[in-house]
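Comments concern the structure below.
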Amino acid sequence: QGEQALRSLNLPTLILWGAEDNLTPVSLAHRFAEVIPHAELIIYDNVGHIPMEEAADESAAAVRAFLARQPLARQP
């Protein structure tokens, strides 16, 4: 049921993950990227469970770039 729900996502999805995440293994990030259509995965080296805090500048830049590539971002 969970994987089927992920497969049904019909929107661009950005997945940010820390390579040193001790709570949720990075192998799960790869599985999400395989299952979710149009998913983009970024894994940060030397970062744990909260890349948005541990690599704030890098993850914010990735989110900005991701959003700028989306069709809605280009509409007037």
What is the one condition in (1) in contact with a helix residue (DSSP H, G or I) (Cβ under 7 Å, 6 or more places away or on another chain); (2) in a helix (DSSP H, G or I) that residue 29 does not satisfy? (1)
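Does residue 34 fit the bill of being over 11 Å from the mean Cα position of the chain (by Cα), part of a helix (DSSP H, G or I) and at pLDDT 95 or above?
Details: over 11 Å from the mean Cα position of the chain (by Cα): yes; part of a helix (DSSP H, G or I): yes; at pLDDT 95 or above: yes.
In short, yes.
Of everything in segment 32-63, what is under 22 Å from residue 5 (Cα atoms) and exposed (fewer than 14 other Cβ atoms within 10 Å of the Cβ)? Give them in sequence order.
Going residue by residue through segment 32-63, those that are under 22 Å from residue 5 (Cα atoms) are 32-42.
34, 37, 38, listed by residue number.
I want to confirm something. Restricting to segment 18-31 and keeping residues that are touching a residue at least 24 places away in the same chain (Cβ under 8 Å) and of a type in the set (A, V, I, L, M), which single residue is surrounded by the most Cβ atoms within 10 Å (Cβ to Cβ)? Walk me through how you get there before you give the answer.
Taking segment 18-31 first, the residues touching a residue at least 24 places away in the same chain (Cβ under 8 Å) are 18-24.
When the remaining residues are screened for being of a type in the set (A, V, I, L, M), the result is 19, 23.
Values: 19: 13, 23: 8.
Only one residue fits best here, namely 19.
The values are calculated or read from the model by the stated rules, or taken from the named source; none is laboratory data. A quick note: this is a predicted structure, and the numbers were derived from the prediction, not measured. Quick reminder, even Gly has a Cβ in these numbers, built from the backbone with ideal geometry, and neighbours come from all protein chains shown.
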